[in-house]
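Beneath this line is the structure, given in structure tokens, with notes to follow.
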Amino acid sequence: MGAEAEPLLQLRGCTVTFGGLTALSGLDLAVPHGALVGLIGPNGAGKSTAFNAITGVYPPVAGQVVLEGRVLNGTPPHRIARLGIARTFQTVRLFGNLSVLDNVKCGAHMHAGYGWLQAVVLGARRAAGERRLTRKAHEVLELVGLSDWAQAKAGSLPYGGERLVEIARALAAEPRLLLLDEPAAGMNPQETNTLLGFIRRVREALGLTIVLIEHDMRLVMGICERIVVLDHGERIAEGSPSEVRADPRVIAAYLGEPTGG
Amino acid sequence: MSPFSAAPGPGPVAARRRPVGSLSGSPLRWGVLAAVVLVALAADRLASGWLNAYQLHVLCITGIAVIMAASLNLVNGITGQFSLGHAGFMAVGAYAGAALTVKWGQPWAIYLGHGTPQPVAAAASFVLALLVAGLAAAGVGVVVGMPAARLRGDYLAIATLGFGEVVRELLLNAEAVGGRTGFGGIPQSTSLAWVLALAALTIIVLRNILCSTHGRALLAVREDESAAMAQGIDVARYKVGAFAVSAFFAGLAGCLFAHRFCFIHPDNFGALQSIEIVTTVVLGGMGSITGSVAAALVLGPLPEVLKLAADWAERASAATGAGATAGPSALLAAGLELKAHPEYLWIVYSLLLVGMMLLRPQGLMGDREVSLGMLRRLLPRPGGGEVGDGR
Amino acid sequence: MHGGLAQQVVEQAFNALFNGSVWALIAVGYSMVYGVLKLINFAHGEVFMVGAFVGYLAVVELHWPWMAGLGLAMVACPLLALLIERAAYRPLRAAPRLAALITAIGVSLLLQNLAIRIFSAEPKGYPRLLSDSALRLVIIGTAIACTVALHEVVHRTQVGTAIRAVSHDREAAALMGINVNRIVAIAFVLGSAAAGVAGVLYGMYYNVEPLMGFRPGLYAFVAAVLGGIGSVRGAAVGGLALGILLVAASSIAIPLGGEAALELSKYKTTITFLVLTAALLFRPAGLLGRGQVQKL
């Protein structure tokens, strides 16, 4: 393949340690443009750590995180967000005391286009910026189906709603790469189905590349084109859903048995 | 079409009635400031006719308290950084502004030409002193904000308390501005008009920041720093920014203070004063500028009110002589007690702090602001019912 | 002349040890409470002050011997601390930390001003019961004894193990059957007994007044952080280190040209807070602490 196959995101030999604990060990990962990749593995495999490494929260002690050819190592998280990577968190981290609308507007903050001085002095730039943010926020809320809840306090929503607000907030940033950390956690099968359809739609409509951490196998198998399996901080398998489902190493990792012959 | 199933609990309509984030409302236009300036000038004129000098003085003190409380709220309430050293920034502004006025006199009279009328030259000088005071304090705010951004909760509180004490110690040793003996001879440039105008300026600027994307960013920093970073918000820079802006206004207040009392001493800006401002912010509601203003209007004149009550009691008991009683004796006794023991003011503050935390930690206003929308909702509407009523 | 210099050095060393001991005794209280509650007990300096007043009242009003005054302070201060913990801190244990912090500030302010109301702000002195050098020896000895005793308690007894467990992870300790409320109370008792002792001895050396807890409290907190907050040994090391540092700095005068000189002895608070800031930024676990890495 030629240069056009260069992946959007690449992890090359990433190692992340906390004191004595190695959370990621030489992880290699490639996410092509427009792909929908699932990241699975037993608890403690290092999936969320991988997200944290990508978003700059835990800089790798070895290896590189590369976004379209640009090495992200050492870049602070807020800069990485501005490069087009948005994420949701394993435990929902909303701005609970703010309204849903304000939460989503925060997501679009980097596109506001005016500074502190303009904020104080008012004027055309600020007005245009605020209009842009408000329009974007309403658009995204419409997309996730939460328009009715725009003025509600974000912390007052039911759990499933909070997760959606988090996704909406991430989408408001107009990212190129969306990292979803267990978006279906705590959802019942019906909600999961709706989420599934939603992710598909959003991806097509916005041309997103998505990496998804999930424990819900139905969601992962149903929607992901490629799946990467982690265990003990390493990649142990990769492939299409059917390939991964049948891989003995994957089965062993989940069941905790040593790989047999 | 909501992707989550009908969960138990209130639906969206009822949820709308819950307290919303503090950003309902639009920024305040500069026309408001212009109007306030006119009102301030008029008020000053009228007030000097109706009120005596002491009452004017109390109004000025209250206005300064409003500026201090509102500016502290930007850091403590909105950005969630608990600073206990706000009086330190006030000190920087007070001394910087006073030093300029006293050491340099009124250079504007010369720069603007010899024909400049005195009031204009005086006003120009004062504007310069205010600017210098504010910018000096803001500079110190940046210096303090940078390490402060890396500290958390309790540690930040002690570190900022320490900052306030450091400023005090440095000023006590600064012979050039009086040191231990204090700094006097400051002209009384502060009038009610200036206080009103600058208080309005403070409120407008803070309000405009708060309901902009940068205000939302500060709130995001308060709510969850990691999530804020993930939205592209440079948390450290915003914290420093909050310190700088808040310090700027504290510096203005300090300059006003210096040019009102005409004599300043490092002990005017110590830990006690910082705690006084913190109490005001806590009472009003951390995160609500309206709350801080309201609380400052109540607590600002309180020391003077207590003093008045104590003096009244003293006079009343002296007039009637020992043993005889005039008016409710309990009240009289309370007043005399107050006269003998001014520390009761601080006992009140301390009980306020503890009481608020145990009973109503969100203060008066929580994190809500008064907005036109809210006022409209409170008024009875023809046809009855609020928007969103009826299921 | 030679003897003069040697005498000066000994004098300064004594001062360093003396101040360091006072701060160490107070710092132990900060450390223990911070360990179990993750709260800086702002009112701790006032417990120190109350100890001093209790000792003063025992000696001057009741005409007890000073050691009895000391013992009384060792009883009164824990009682006060328990009262504060029960009334002001425990109700807020589940509340955001900021609420507890603000309450602590309120309690500190309340105690200071109640003391002013009751005793007036004027400093009061003890009658001369011990010579200055004897007093200094007593304080240094007491600090050493207290630190050793507390260290033994924390590291060799079951209670101490429970305290360390709660400091490490309160929820896990509770799940293991530890009565967290009781352990918190014990931590308060131990810490404030030490502070009470420090108060009596400090009051005997200098004097007793309602605001006496503010400065030593602040310095002791810096000592606690410097040594490693949460650690008894750290409190002792931090106190000593800060004592030596300030005494050494006080003897430095930086010439500024002509007659003027920058006498660092006038800038003790500034130096202390520079030390605090440096410690918090560069070595937050303190001189003795081990860096703790936490997985988010």
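Quick look at the values:
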quantity	calculated
Label-point separation, C:Leu129 to C:Ala253 (7 Å along Cα→Cβ), nm	3.8 nm
Cα shape, the stretch B:155-218, gyration tensor, a/c 1.5 rule	oblate
Cα centroid separation, the stretch A:62-96 to the stretch B:215-263 (Å)	26 Å
Rounded, prolate or oblate (a/c below 1.5 giving rounded, otherwise prolate when a/b exceeds b/c) for the stretch C:59-190 by Cα gyration tensor	oblate
Mean-position separation - Cα centroids, the stretch A:134-203 and the stretch C:47-96, in angstrom	55 Å
Spacing of the two label points (7 Å from each Cα toward its C-beta) at C:Leu274 and A:Glu204, in nm	6.7 nm
Degrees separating the helix A:124-144 axis from the principal Cα axis of chain A, which is the longest one	50 degrees
Dipole of the protein assembly as shown [Lys/Arg +1, Asp/Glu -1 at C-beta], most positive-end residue of C:Phe119, A:Val31, B:Phe263	A:Val31
Chain A, relative contact order [Cα under 8 Å, separation at least 6], %	26 percent
For residues of A:17-24, the mean tally of beta carbons on other chains within 10 Å	2
Most fluctuating residue given options C:His151, C:His44, C:His63, as computed from a GNM of chain C linking Cα atoms under 10 Å	C:His63
Antiparallel %, DSSP beta bridges [both residues in the protein assembly as shown], to 5	60 percent
3J(HN,Hα) from dihedral phi, the stretch B:164-180, Karplus parametrisation 6.51/-1.76/1.60, rounded to Hz, x for glycine, proline	x, 5, 4, 4, 4, 5, 4, 5, 4, 8, 8, 4, 4, 10, x, x, 5
Long-range lysine pairs (8 or more apart or interchain), the protein assembly as shown, Cα under 14 Å	4
Listed residues A:Phe18, A:Phe198, A:Phe51, most fluctuating in chain A (Gaussian network, C-alpha, under 10 Å)	A:Phe18
Assigned charges on the beta-carbon of Lys, Arg, Asp, Glu; the protein assembly as shown dipole about Cα centre (debye)	1020 debye
Charge dipole (the protein assembly as shown, unit charges on Cβ, about Cα centre) - positive-most of A:Pro59, C:Val189, B:Cys60	B:Cys60
Inter-label distance for C:Asn15 and C:Ser120, nm, one decimal - labels placed 7 Å from Cα along Cα-to-Cβ	3.1 nm
Chain C: most fluctuating residue of C:Ala104, C:Ala253, C:Ala27 per GNM, C-alpha cutoff 10 Å	C:Ala253
Dipole in debye (nearest 20) - the stretch A:56-162, about Cα centre, beta carbon charges: Lys, Arg +1; Asp, Glu -1	380 debye
Cα gyration tensor category, rounded, prolate or oblate, for the protein assembly as shown with a/c compared to 1.5	oblate
Derived scalar couplings ³J(HN,Hα) [the stretch A:228-236; Karplus, 6.51 cos²θ - 1.76 cosθ + 1.60; whole Hz; x for Gly, Pro]	10, 10, 10, 8, 6, x, 10, 7, 10
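No value in this document is a laboratory result; all are computed from the given coordinates. In this text, all values refer to a predicted model and were calculated from it rather than measured experimentally. Neighbour counts run over all protein chains shown; Cβ positions are idealised from the backbone, glycine included.
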